[in-house]
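A quick write-up on the structure given underneath.
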Amino acid sequence: MSKRKLGLAKRRAARQAYKKAAATSAPGGGKRFAAVAASAAAGGAKNPAAVAAAVGRKKYGKKRFQQMAAAGKKRKKKRGRK
């Protein structure tokens, strides 16, 4: 059973949110990743985080993306989140 896509307006809103995050945040901060994941979820992706990770690896390459992921995990751990 597949997920149903959200309406066109919601998908467009998710895309606009990504564009805003991309314009206002630096790479490696996590906001772009979250925005891509939200956009993928709006498009009906079963695993939006996996889609965002694949896009990030394609854009930044394996090494740079892993550095950003490690930095994000470090920030997350520092804030006391799981």
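The values are calculated or read from the model by the stated rules, or taken from the named source; none is laboratory data. Not measured: the values here are computed from a predicted model. Every residue, glycine among them, receives a Cβ derived from its backbone with ideal geometry; neighbour counts consider all protein chains shown.
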- Task: Filter region 20-65 for residues that are of a type in the set (Lys, Arg) and either touching an Asp or Glu at 6+ places or on another chain (Cβ under 9 Å) or not in a helix (DSSP H, G or I) (or both) and give the result.
- Result: Lys46
- For region 44-59, which residues satisfy the criterion of being under 19 Å from Gly7 (Cβ atoms) and surrounded by 16 or more Cβ atoms within 10 Å (Cβ to Cβ)? Ala45, Pro48
- Starting from residues that are charged (D, E, K, R) and over 24 Å from Arg75 (Cβ atoms), keep the ones in region 5-32 and report whichever is modelled with the highest pLDDT. Arg12
- Within region 25-40, residues being in contact (Cβ under 8 Å) with a residue 24 or more places away in the chain and over 10 Å from the mean Cα position of the chain (by Cα) number 2
